[in-house]
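**Q** Dumping the structure here so I can ask a few things about it.
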Amino acid sequence: MGRATDESFVRFVDERSPELMRLALHLTRHQDEAKDLVQTSLERAYRKWSKVELEAGDGFGYVRQIMVNAHTDSLRGRQRWGRKAGMRDLDHEVVMSDGELQPVQSDRRGPETLAIQRATLRKNLALLTARERAAVVLRFGEDLPEAEVARQMGVSVGTVKSTVSRALAKLQVHAATSTPAVARGGGQ
């Protein structure tokens, strides 16, 4: 590749890595797997970067699609070899800070609420199948329209709609059964 292409790719990685890492963490729910997924996706994107630049401009959507596909492929591999996909949970809470994942310090007051919300989100996403999780993360986490989610997942728009609907229903049932009665407005 040419020097300009290499510089463009390095600039992309510097600017977009936090977003890619956040997406990977939502998909995998584990820090090490998220780092591996980002690395794999960037490696695949680099091989075709000059073409990506010409066709996709910024390239974020292209790399995001590579990431979703790589994650799906890795889940298929785990299932093929007998490891149940989606069973691994975070060993500890992490947050993005200056583009890096950092463990949450328990004595920090301000970000504690945000960390709890993130942990809750990850635990709730763990209730979903890999397909449901990908659809929800792309639709709401990445704020993509249904048509783009369908294109990136390689399914129809109707499949995206039904998958997201099923996932949200699961999350609502879980929220209703796991929330204490006082928080729901019930009695003691």
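No lab work stands behind these numbers, since they all come straight from the coordinates. Quick caveat: nothing in here was measured; it's all calculated off a predicted structure. Virtual Cβ from ideal backbone geometry, glycine too; neighbours counted across all protein chains shown.
**Q** Among 132-143, 6-17, how do they line up from the highest to the lowest mean number of other beta-carbon atoms within 10 Å?
**A** The most tightly packed comes first, giving 132-143, 6-17.
**Q** Please list, or write none, the lysines whose alpha carbon is within less than 21 Å of the alpha carbon of LYS35, excluding same-chain residues fewer than 8 places away.
**A** Once the sequence-local lysines are set aside, what remains near LYS35 is LYS48, LYS84, LYS123.
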